[in-house]
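Structure, as structure tokens:
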Amino acid sequence: MAHDRSDRSGSYGFTRRSALKLALAGSAALPPSGLLASKAAAAVSIDKITIGVGDEPPIFDPHKAYGGISGYFFVNVYEGLLATDLDNKPIPALATKWSMSPDGLTYEFQLREGVKFHTGEPFTEEDVVFSFRRFRDPKVQSHQANFSHVEGCEAIKKGTVRVKLSKQDPTFLALLANFNYFRIASKAYYDKAGDDAFEKSPVGTGPYKFVRRSIKESWELERFEDYWDEKPAFKRATFRVIPEAVTLAAALKTGEIDFVQNYPPTFVDELSKTPGFRIVKNKTINTIDLRINSIRGTDPATGAPNPFADRRVRMAMANAIDKDAIINRLLKGMGEKVAVLFPEDVGYDPNVKPYPYDLKKAKALLAEAGYPNGIDATYYGLVGQRMPMSKEVGEAVAQYLTAAGIRTKVVNEEYGMWLKRSNSRDSAADVSLQLYPFGYGMTWVGGAFHSAFGLKVNAYSGTPFSWWESKEYDTVVDEIWRTTEPAKVEELCRKAAQILYDGVGTIPLYRVIIAYAMKDTLTFSPTVNSTAVELKYLRPV
Amino acid sequence: MEPLKQVTGERVREYSGEREDSLVTRMASGIRARRWTGHPPVLPSVILAIVVGAAIFAPFLAPFDQDYFDLGGSLQPPAWMIGGTSEYLLGTDNTGRDILSRIIYGARISLLVGFLAVGLAGTVGTVLGLVAAYFEGWVDALIMRIVDIQMSVPSILLALILSAAIGPGLATVIMVIMIVYWTYYARLVRSEVLSVKTRDFVSLARVVGCSDRRIVFRHILPNVVNSIVVLATVQLGTVIIFEATLSFLGLGVQPPTPAWGSMLADGRTYVGSAWWLSVFPGLAITLTVLSVNLFGDWLRVKWDPKRRRL
Amino acid sequence: MGRVQCAHSATLCATPSKARRMIRFILSRLGQAVVAVIGVSLIVFVAVRASGDLERFVLPPDANTAELARVRSEYGLDRPLYVQYGLFLSRAVVGDFGTSWRWQSPAWDLVRERLPATLELALAAALISTIIAVWIGTQSAARPGSWIDQFGSAFAVLGQSMPTFWVGILLILFFAVELRWLPTSGYGKVSNLVLPALTLGWASAAAQTRLMRSAMLDVLDSEYIKMARVKGVSEFWVIYKHALRNASLPVLTVMSVQWAQLLSGSVIVETIFAWPGVGRTIVEAIFNRDFAVVQAGTFMISVVFVVINLAVDLLYGVLDPRIRLG
């Protein structure tokens, strides 16, 4: 066969060397430092501000939505009867005065006068009645379990409403003050425009009104000039949705956006050293904790008694984890140690300190509980974009526990499966799906809109988030929910928290701290526990 | 990312198997000279040898165990920079693990995923393609419809739904890749077998009295094997990148298992501050995939049927 | 000799009339397309229901069993699978793909509004890919073995040797952050389109370039071209008029596969660049177990895909005389 020998460069036309040179250039094209070095940030005009967010609130309807992300929109557009100050304490908003009946089952609210909705209608008691009814309608708001005791709301006379509860609720005022619940919407607007308009062109009484929205891109707000309270600084605010963390950080650097809500934690260190920008940190309501199944009597696989039902084993775990290292080294300071409640919470006791890191004590406790040779365990972790660092935290925890004798294997699961496994009431049916023995948890008692709520929902026997049972604890919590006198409530909360701490109901790892990043021509003072951008606290320098 | 090239080859070949001659001979006559080298490209081969070597000898080459980490030493820069030590040549990641060791062990995972997934996909696809081309008729139609259906969904979406259903992890990645990529082999094999079947020498063989099976195994299969190997070689690179994409979406290989793709995806948020977390795995991926591609190109040219014609 | 089967389509080639043949071809391909789209919807329907419980995402994490059951029933998920699918099909025919639990709007509207953005991106990427392929492919073929040939081809293959998200991030860091030539993300202006299209287009340029180069090499060696050169036609026209035209046909044949790659890659590119397209919508819906949106989105993508395939096949049939003549 006759072949023509080619020249060495080959018919496929390029030498390996040149290709690889290009490859090296391609993937290592970045200078090591100063990559995200910025030019000086331009001054921000009071006319317009652009804010970058990583998550988009899907629903703008005030009564249909449920959950923290919707708050990004709610806090600027809607208001409730009460609001919270910077320390998360309830203050008057659309209600100026209120009173509670002696039996704690009836509340009367005097409404503020001279308030207008964004479309110009005046705010009246009819709107409150309408809003309460709509929010309590299971067809509108599917999750009613936490307000099933709010029976009705009626207008007594002009400017006054009365709310009836079916049982006492020491948290009721805090509930009304929270930006998620019972937002006031306009009945007149609803009658005129209907359900659809509530979502497509929402209307409230807040400092900003809705201008337009482009799903997956942005939403725009404009200052409401007839707002009843002090007017905020910026005339127009555009919220841009940028899901990818690297792009979000880059957009701030280039000046395309002026402000970033929940700035990616891995970029915080570097930005704080960059001139022209400012970082404001805020503590949030999330506590990352280690949820331990102490309810099960036996190990589902082997049938042996559940070691983690023993308080000493749990205490050993609590002492085995070096939280300071996790917070300072892994999270680079974007976390805070927690014992049970947060300092802002009702019933916080500064004498209750987070579980100390004491490896010797941990091993001793394990031996005392009857496991001198250690225990084998599986940790169910969470992966995905929802919680940054969840993977690494899990690995660190597993390593610490293994060093103390609890040989931990890590199994990471995606959010859907994690939800199933984390619900102690639901997974009871399918034993293989039950959380055993422990795993990643995302909320704890601290940071709820009221301690009583947090203490009930997270640790009371039989609730979906609770993985331990204590009659003593339940009794105290029951009593809290029968009391309405604030001093008594506080004392009982402190007591319950102490029981929880001593019993090691779970092991808090850290309280999440988020960062807001902005050009240094801006300043921002967020409400504690908040992750949203309340524009009224955002001001030019 | 779809392995575009090999299906390109399929289309070109079906276009240019025997018919290519008629196109050219319509415009011209004679056979033109082609440049061609007999030996494989040097640098890609060397790089691939290094990767395979790293995978096999990882425990001896890597300075640290793949799981070992120390939070105290996290985010150390590479040895030649300020703050770096010679202990961790390429620096450490956010939990303090040695990047060099993870890259060496990561070669194992990447190659494991590559060979296993591509092998499975190739086997399933080849068998089904052969079946389709051999039996023709409704069997062919059924298999090709399934292929059409599957190829109408962007592969990453299918992979994502399946991964969300099964749960993240190494086994899932391999299984998902197999499910996504078998269709390319099926189409390629089927079209090759069909096109060879129509050739003059096949008809001649039939006239002479050779059985179908003899034709398939003696004449058709040798041609097809070459194409399959070329496809598989290039898909090796594609699969490595696919794993990285799955990790980017959060559903790839899970820690502590080191894989270049997940190292790159997880490290990307440190690209401004601790660039070594992502740049080194990125380089490993790029060099390996580039070498695999170039090698596959060389194979394709080497085994081009136009040259075997005479 | 018996029946001859065309390798690229299951249609028999032995029909007498050209027009009748064409029509049969179109109808059969249409039939295949419909089957493909329905098949896709079935696979996605089943897979997405296996991927997790929608009700757990609708309700907050502390919902109790009763609430979960109620929401499940509200979305019709407690009925047998075949009943659900039957209902889905019967509604899909009239354009009702259900309501997105997350956005509380019709899923089809959500997806439909995002489609133009994805098509814009894919078209721009295809254009860039073609430009790269034509430029590098022809230059390489005209001067095989040269510096241009080597680096050009290496450049083309490089786009396929890096994960798309990494390419996107690198481009953002270099062109947007470092050089400030282009914006990092967003949608609306042409400048927003450049980086995403470049990222996506570079990935698919490799195969096209290689194919263009090889096809050009073949054609440039042909007697026809030699004749043109002897006649004195300038080199420029030789390459761009005569050779390119003939080399284009094989490149066209990869278009349908290229589109699959583009639609697939757009999923990643849209996320990185905050591009409001269908791909990103579907991905987010998968993570949120928003079944209606996943179904509507994949349906739309598969329809786009089969339509493009059909068009390419038709074009191929029209342009290639051998197919026409059988």
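The values are calculated or read from the model by the stated rules, or taken from the named source; none is laboratory data. Not measured: the values here are computed from a predicted model. In this analysis, Cβ positions are derived from the backbone assuming ideal geometry, glycine residues included, and neighbour counts consider all displayed protein chains. SASA here: full protein model, heavy atoms, side chains in, ligands and nucleic acids out. Shrake-Rupley method; radii C 1.70, N 1.55, O 1.52, S 1.80 Å.
In this simple spin-label model, placing a label point 7 Å from the Cα along the Cα-to-Cβ direction at both A:ALA197 and A:GLN385 gives a separation of 3.4 nm. Legend: mean number of C-beta atoms from other chains within 10 angstrom of residue C-beta atoms, peptide A:251-263, equals 3.
If R0 is taken as 22 Å, the Cβ-Cβ distance between A:ALA233 and C:LYS189 corresponds to a FRET efficiency of 0.20.
So, with a 1.4 angstrom probe, what is the percent of accessible area on the protein assembly as shown that is carbon and sulfur? In the protein assembly as shown, the share of accessible area belonging to carbon and sulfur is 60 percent. Here the sum of -39500 (n - 2.57) over DSSP H runs of 4 or more residues, divided by the residues of chain C, equals -23500 deg cm²/dmol at 222 nm, to the nearest 500. Simple spin-label estimate for C:VAL35 and A:ARG133 gives 5.7 nm between the two label positions (7 Å along the Cα-to-Cβ direction from each Cα).
Ranking C:VAL34, A:VAL53 from most to least accessible surface, computed with a 1.4 Å probe over the protein chains only, gives C:VAL34, A:VAL53. The relative contact order of chain A, computed from alpha carbon pairs under 8 Å that lie at least 6 residues apart in sequence, is 19 percent.
Ranking C:ILE26, B:ILE177, B:ILE56, A:ILE499 by solvent-accessible area of protein heavy atoms (1.4 Å probe, all protein chains present), from largest to smallest, gives B:ILE56, C:ILE26, A:ILE499, B:ILE177. Largest first, the residues C:PHE88, C:PHE299 sort by 1.4 Å accessible area into C:PHE299, C:PHE88.
Its relative contact order, with pairs defined as Cα atoms under 8 Å and 6+ residues apart, puts chain C at 26 percent. Buried accessible surface for the B/A pair, both sides summed and rounded to the nearest 100, is 4200 Å² with a 1.4 Å probe.
Rounded to the nearest 100, the interface formed by chains B and C buries 6100 square angstrom of accessible surface, both chains summed, with a 1.4 Å probe. Buried area at the C:A interface is about 5000 square angstrom, summed over both chains, from accessible surfaces computed with a 1.4 angstrom probe.
In the stretch B:157-178, what residues drop by 30 Å² or more of accessible area when the other protein chains are put back, versus the chain on its own? Use 1.4 Å, and skip ligands and nucleic acids. Those are B:LEU157, B:LEU160, B:ILE161, B:ALA164, B:ALA165, B:PRO168, which lose 30 Å² or more relative to the chain on its own. Taking θ as phi - 60° and the Karplus parameters 6.51, -1.76 and 1.60, the scalar couplings of the stretch B:187-194 work out to 4, 4, 4, 4, 5, 4, 4, 4 Hz in sequence order, x denoting glycine and proline.
Annotation: the antiparallel percentage among DSSP beta bridges lying fully within the protein assembly as shown is about 75.
Residues of the stretch A:208-249 that bury at least 30 Å² of accessible area when the other protein chains are present, relative to the chain alone (probe 1.4 Å, heavy atoms, ligands and nucleic acids excluded): A:ILE215, A:LYS216, A:GLU217, A:ARG240, A:PRO243, A:GLU244, A:VAL246, A:THR247. What does the charge add up to near A:VAL410, with Lys and Arg as +1, Asp and Glu as -1, over the other residues with Cβ less than 10 Å from its Cβ? Counting the neighbours of A:VAL410, the net charge comes to +1.
Measuring only protein heavy atoms, the 1.4 Å probe finds A:SER214 accessible over about 40 Å². A 1.4 Å probe, protein heavy atoms only, puts the accessible area of C:HIS242 near 40 Å².
The accessible area of C:LEU179, taken with all protein chains in place and a 1.4 Å probe, comes to roughly 60 Å². Extension gain for A:LEU359 to A:LYS164 (0.36 nm times residue separation, less C-alpha to C-alpha distance): 64.9 nm.
Each helix, a run of at least 4 DSSP H residues, gives -39500 (n - 2.57); summed and divided by the residues of chain A, these come to -8000 deg cm²/dmol at 222 nm.
Entry comment: accessible area of the protein assembly as shown is 37 Å² per residue, from protein heavy atoms only and a probe of 1.4 Å.
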